[in-house]
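Notes for the one structure printed next.
The values are calculated or read from the model by the stated rules, or taken from the named source; none is laboratory data. As the structure is a computational prediction, the values presented were derived from the model and not from experiment. Note that each Cβ is placed from the backbone with ideal geometry, even for glycine, and that neighbours are counted across all protein chains shown. With ligands, DNA and RNA removed, areas are computed over all heavy atoms of the protein, side chains included. Shrake-Rupley method; radii C 1.70, N 1.55, O 1.52, S 1.80 Å.
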Amino acid sequence: MPSVKPRRFTFLLLDSFTMLPFSAAIEPLRLANRAEGGPHYEWRLVGPAGDLATCSNGARVVLDGGLEAGPPVGRDDVVIVCGGTNIASRATRPVLNWLRRQARGGATIGGVCTGAWVIAEAGLLDGRKATIHWENHDGFAEAFPEVDLYRSVFVNDGNRLTAAGGTSSIDLLLHLIAQAQGEAVASEVADQMLHTAIRSDQDHQRLSIPTRIGVRHPRLAAVIARMEANLEDPVSPAQLAADAGMSTRQLERLFRRYLNRSPKRYYMETRLARARNLLMQTEMSVIEVALASGFSSPSHFSKCYR
């Protein structure tokens with residue numbers, strides 16, 4: 001039989017990249033090679049520093065070289081941007097220019113964790129579908145309105161790939177392995193990783209509301225879902241109660257009993273969490289953040305935030 005040309009992956013490790021999404025992306029390739037008994041995949045690690053990359057937990061990874069290391073990226077190659085903390089500052093001109101060159105060469109461009117931010121900054125996600133870690137979702141949506149952003153575990157939009165972070169890299173890579181080598185090989189790799197439930201691009205990132213709050217109460221979960229969907233234009237407690245088929249007093253008792261706070265307080269904390277993410281992840285002004293979080297004035301927002 002003719003030998004199979006390995007598909008080459010280039011992992012771009014940015015400063016303070018997150019270890020889990022990176023390792024969850026590279027391990028399926030190793031295990032797929034092992035399952036098939038041959039080098040179906042090969043990879044190299046590059047980064048702006050050229051020698052070492054430091055991840056957010058302090059561990060350091062030895063790189064194969066800088067951005068121009070090794071042979072040029074080809075049309076069948078995949079570039080995976082591994083992001084982490086303070087991602088906006090990692091989108092430097094050399095990194096963006098390098099990514100644009102790889103895209104012009106025909107490579108598939110992907111990002112795990114916050115890597116999508118850098119790809120979007122390079123203009124390579126305009127008009128494309130993408131996802132990013134839920135904590136960065138609001139800031140990304142404000143910074144890149146031209147990107148069709150999803151809250152799914154991963155998104156495969158042709159030659160653009162994005163995974164939300166954490167173990168979602170496993171699901172994205174298993175998806176690629178299944179496309180190239182079949183479902184049986186992908187299942188074998190998942191079994192080796194003790195990854196018992198392979199998620200699709202239709203699965204959501206976060207736990208369900210009942211799981212997050214530790215309470216299984218359908219009407220309470222419905223009210224919280226309504227709150228989370230209306231952070232910029234808050235819904236009054238009276239309207240929330242009416243839509244849930246209860247009185248305002250019943251709604252108050254429900255929140256006090258299960259969450260030990262009023263509906264108003266819970267809603268405020270949720271909106272302030274969004275404001276904090278926007279302040280940390282974007283260049284939006286205080287007044288823009290205030291309006292995007294449902295506050296009528298910067299002074300009211302500042303008072304509540306303090």
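Numbers below:
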read-out	value
Contour excess over end-to-end distance, with Cα ends at Ser285 and Gln202 and 0.36 nm allotted per residue	26.5 nm
Within the range 255-288: backbone nitrogen closer than 13 Å to the Ile213 label point (7 Å, Cα to C-beta)	255-270
Contour minus Cα-Cα distance for Thr85 and Asn260 (0.36 nm per residue)	59.8 nm
Calculated FRET value between Glu183 and Asp126, using beta carbons and R₀ = 35 Å, to 0.05	0.60
Additional length obtainable on full extension of the chain from Thr167 to Arg100, 0.36 nm per residue less Cα span	21.4 nm
The range 209-305 - percent of accessible surface contributed by carbon and sulfur, probe 1.4 Å	50 percent
Per residue convex hull volume, Cα atoms of the range 51-144, in Å³	103 Å³
Calculated FRET efficiency for the pair Lys5/Glu228, C-beta based, R₀ 45 Å, to 0.05	0.45
Share of carbon and sulfur in the accessible heavy-atom surface of the range 54-172 [1.4 Å probe, %]	46 percent
Antiparallel DSSP beta bridges within the range 1-157, as percent of all bridges there, nearest 5	15 percent
Rg/Rh for the chain, where both radii come from Cα atoms and Rh is the Kirkwood radius	1.04
Equivalent ellipsoid semi-axes, the range 1-119, via Cα gyration tensor eigenvalues times 5, rooted, Å	24, 17, 12
Convex hull volume of the range 209-305 per residue (C-alpha atoms, cubic angstrom)	95 Å³
CD proxy at 222 nm, helix term only [per DSSP H run n ≥ 4: -39500 (n - 2.57); per residue of the chain; nearest 500]	-14000 deg cm²/dmol
Å² of accessible area per residue within the chain, as computed with a 1.4 Å probe and no ligands counted	49 Å²
Antiparallel DSSP beta bridges within the chain, percent to nearest 5	25 percent
